[in-house]
Each structure stands twice: as C-alpha cells, then as structure tokens.
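A.B. asks: My questions will all concern the structure given below.
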Amino acid sequence: MNALVIGYGSIGERHCRLLTELGCSVGVVSSRALPGVCVYSSIGEAMYSDSWDYIVVANRTHQHYAALKTLRERGYSGDILVEKPLFERLMDLPDASLSRVYAAYNLRFHPILQQLRELIQGQRVLSAQVYTGQYLPGWRQQDYRKVYSARRHEGGGVLLDLSHELDYLLWLFGPWRRLVACGGRYSTLEIDSDDIYTMLIEMSECSIVNLQLNYVDRQRQRQIIVNTDEHTYTADLVGATLKIDGETHSYCLHPDVTYLEQHKALLGGSRELLCPASEANDSLYMIERAHSSVRSGGWVSNEKAMHHLRARRVEGHSP
C-alpha cells in the first residue's frame, strides 16, 4: 500500500518507520530534505505525483484543519489518521470531509486499558482518579520552548497535548454530564500555554472522576484508579502494571505496540477501537467547556448531551 505521512517531527518520523515495517511504500510531506525518503514539498505536490491508499496527518495541530481541507479538495476520499488532537479548537468540517477520518488516540489499543474496560463491564463504577504528569523540558529531544506544546495558538497546553485521558475517559465511562475545572499556567516554564489542569467530572457511567494533567512532573506518571462496588483497579501505563485489589499483573510492552496496532486496525479495515472524528470532537468540546468553567469559576454542563437527551424524549424514547 502507498502511505503518505504529512509532517516529519518526532511523531511523523515514528509513523514513517512503523508503516515501512508494515510493508507500506511511504512518502512524506516535509520542508526538509530527508535522505532515503521520498519527500514532497506540499500536499498538493504529493497528491499530483502519486495516488495514496492511506494518509497520516502528523504536522502541527494548528495545521490539521488546512491539511484535511486540502486533501478533500484534491479528491482524496480514503482513510486518514490525524494525530491527536484533531484540531487546536472545536471546528466544523462538512460531514463528507470527516468521513473516514480518525484521530490517533492510540491508548485505546493499550492492552492494560483494554483489559480494564473489559473488567469493569457489568459493574457499578463508583469513582475514578486519573493522573498524568510529564515534564515538558524532558519530553522530546529538542528545546521545549520551540515545540507546539509551548504555544497556545499552535494547539499547545496540557488539555490538548494530553487529551488521551479525555478520550479514554469517554471511551470507558460514556458521555460526561457536568464538570468543574481549574487550570492555567502556574510554573516558571517559558511557555504561554496551560501547564496544569484539574477537573472534577460527573459521567454517565461514573459519578465522580477526578482528573489532573500537567507538564511539571519530573517522574513521568500516567495512571488511573477505578473503584467499583466489587473491586479496585489501578492501571499504571508507565510502569505497565494493572493491580486488581492490590494483586499486581505486569505487562511486557514495547513502546511502539499501541501505534502498530492502531495502524494494523486501520489498514486491515477493523475500526471498532479507532476514534472517529465525531468522537475526537467530543473531546474538543469537553476541553472547550473546561475552559468555560475556568473563566466562570463554576460548574458547566454538557449541552450537547442534554440536547440529544431532549431530542430523544421528543421522539418518544426513554431517557
């Protein structure tokens, strides 16, 4: 298959390597000369020069919208995987433009989260606590002040950058009902984006979710604790362990595994675990409402979910 990767930062390079390992013929859209790689200077040139079976959008977040728009205008109607988040803010594209577009929320393919999701099925979930901390200066192999994470207008900030957590919370516990948030820029990092955010969230399948995301944790942590009527689960995605009532189950995972499984699913036509654009927009809407909560200093509701519920009642469905 012919695969095109748009953007060649650290994540674009990873996609190129993995797709090549999967047997794809890979081209890249980049302004850089890359030895041994077929490089196009623009999306237009790539679309004119060759035909593509699969496209990955891995440029900067604030460039995603224009990339998708250009691809559809150039007549591409195949599968597109867009690096998370989908956009830097909630935006609309025609439904036809978002058809067969998926956001790269690869943690859905993490075996620990998949196991957790399976274990809690049929149980009443009482509470969940999610904590993710990553020290921004030590995250990537370049000056943190020059990456998009540091710049609000390019889609930086912990809510967007670490929106994996929002996606898997929606994936695990269904739509949210209301939330209250506190966040902003608190550290001395040389950035203009938000570096710490915390939320208290009421969700349809979990009444109390406590979430914190930050750019300041030098230990690098990513975990979720879930309490049900029957069990307590602690999933540590950095340590690759899942504790069930204190009993530890360890996993041996290569860092590429979730990315590989995501590509395999899309290339193989297995879409059950993929995050379609509509669900990626749900995370962006949640972020938008969290910002509203910070500005107002109070709780905000999920107006989209309430509108859907009202519509179902009008149609005669049970609430």
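A.B. asks: Consider the stretch 9-26. How many of its residues are over 20 Å from the mean Cα position of the chain (by Cα) and assigned to a helix (DSSP H, G or I)?
C.D. replies: 3
A.B. asks: Looking only at the stretch 52-59, decide whether some residue is within 26 Å of Glu165 (Cα to Cα), in contact (Cβ under 8 Å) with a residue 12 or more places away in the chain and of a type in the set (Gly, Ala, Ser).
C.D. replies: Here is the first cut: in the stretch 52-59, the ones within 26 Å of Glu165 (Cα to Cα) are 55-59.
Applying the additional criterion that residues be in contact (Cβ under 8 Å) with a residue 12 or more places away in the chain yields 55-59.
Applying the additional criterion that residues be of a type in the set (Gly, Ala, Ser) yields 58.
Yes: one or more hits.
A.B. asks: Here's another thing I want to ask about it. Quick check on the stretch 28-51: of everything there that is small (Gly, Ala, Ser) and over 21 Å from Leu18 (Cβ atoms), which residue is surrounded by the fewest Cβ atoms within 10 Å (Cβ to Cβ)? Spell out the reasoning first.
C.D. replies: We begin by selecting, within the stretch 28-51, every residue small (Gly, Ala, Ser); these are 30-31, 33, 36, 41-42, 44, 46, 49, 51.
Subsequent filtering for residues that are over 21 Å from Leu18 (Cβ atoms) retains 31, 33, 41-42, 44, 49, 51.
Details: Ser31: 9, Ala33: 7, Ser41: 11, Ser42: 13, Gly44: 13, Ser49: 10, Ser51: 9.
Ranking the candidates gives Ala33 first.
A.B. asks: Could you please let me know if Leu179 is assigned by TED's automatic domain parsing to the domain that holds Leu284 and within 13 Å of the chain's Cα centre (by Cα)?
C.D. replies: Answer is no for this residue.
A.B. asks: Return the residues of the stretch 27-45 that are of a type in the set (Lys, Arg) and part of a helix (DSSP H, G or I); say none if nothing qualifies.
C.D. replies: none
A.B. asks: Does Asp161 satisfy the criteria of being acidic (Asp, Glu) and more than 27 Å from Pro111 (Cα to Cα)?
C.D. replies: Criteria not met by Asp161.
A.B. asks: Pick from the stretch 52-97 the residues that are in contact with an Asp or Glu (Cβ under 7 Å, 6 or more places away or on another chain) and among the β-branched types (Val, Ile, Thr): which of them is surrounded by the fewest Cβ atoms within 10 Å (Cβ to Cβ)?
C.D. replies: In this case the residue turns out to be Thr61.
A.B. asks: Given the condition of a type outside the set (A, V, I, L, M, F, W, C), surrounded by 16 or more Cβ atoms within 10 Å (Cβ to Cβ) and more than 17 Å from Leu274 (Cα to Cα), answer yes or no: does some residue in the stretch 98-115 qualify?
C.D. replies: No, that holds for no residue.
A.B. asks: Then there is this: Identify, by number, the condition in (1) surrounded by fewer than 21 Cβ atoms within 10 Å (Cβ to Cβ); (2) under 22 Å from Thr234 (Cβ atoms); (3) in contact (Cβ under 8 Å) with a residue 24 or more places away in the chain that Gln121 doesn't meet.
C.D. replies: (3)
A.B. asks: Give me a count of the residues in the stretch 246-305 that are more than 17 Å from Leu170 (Cα to Cα), touching a strand residue (DSSP E or B) at 6+ places or on another chain (Cβ under 6 Å) and exposed (fewer than 15 other Cβ atoms within 10 Å of the Cβ).
C.D. replies: Summing the residues that are more than 17 Å from Leu170 (Cα to Cα), touching a strand residue (DSSP E or B) at 6+ places or on another chain (Cβ under 6 Å) and exposed (fewer than 15 other Cβ atoms within 10 Å of the Cβ) in the stretch 246-305 gives 5.
A.B. asks: Identify, from the list Ile201, Ile196, the residue that is of a type in the set (Val, Ile, Thr) and either more than 22 Å from Leu119 (Cβ to Cβ) or surrounded by fewer than 18 Cβ atoms within 10 Å (Cβ to Cβ) (or both).
C.D. replies: Numbers: Ile201 fails: either more than 22 Å from Leu119 (Cβ to Cβ) or surrounded by fewer than 18 Cβ atoms within 10 Å (Cβ to Cβ) (or both).
Only one candidate passes the filter, namely Ile196.
A.B. asks: Given (1) hydroxyl-bearing (Ser, Thr, Tyr); (2) buried (at least 18 other Cβ atoms within 10 Å of the Cβ); (3) over 30 Å from Leu93 (Cα atoms), identify the lone condition not met by Thr232.
C.D. replies: (2)
A.B. asks: Output the residue which, of all residues in the stretch 182-215 that are in a strand (DSSP E or B) and among the hydroxyl-bearing types (Ser, Thr, Tyr), is nearest to Tyr144 (Cα to Cα).
C.D. replies: Tyr197
A.B. asks: In this structure, is Arg218 assigned to a helix (DSSP H, G or I), more than 19 Å from the chain's Cα centre (by Cα) and among the charged types (D, E, K, R)?
C.D. replies: So Arg218 does not fit the description; no.
A.B. asks: Hand me the list of strands (runs of 3 or more DSSP E) wholly inside the stretch 46-140 holding 3 or more residues that are within 14 Å of the chain's Cα centre (by Cα).
C.D. replies: The qualifying strands (runs of 3 or more DSSP E) are 101-103.
The values are calculated or read from the model by the stated rules, or taken from the named source; none is laboratory data. Fair warning: this is a prediction, and the values are worked out from it, not measured in the lab. Here the Cβ is made from the backbone with ideal geometry for all residues, glycine too, and neighbour counts use every protein chain on show.
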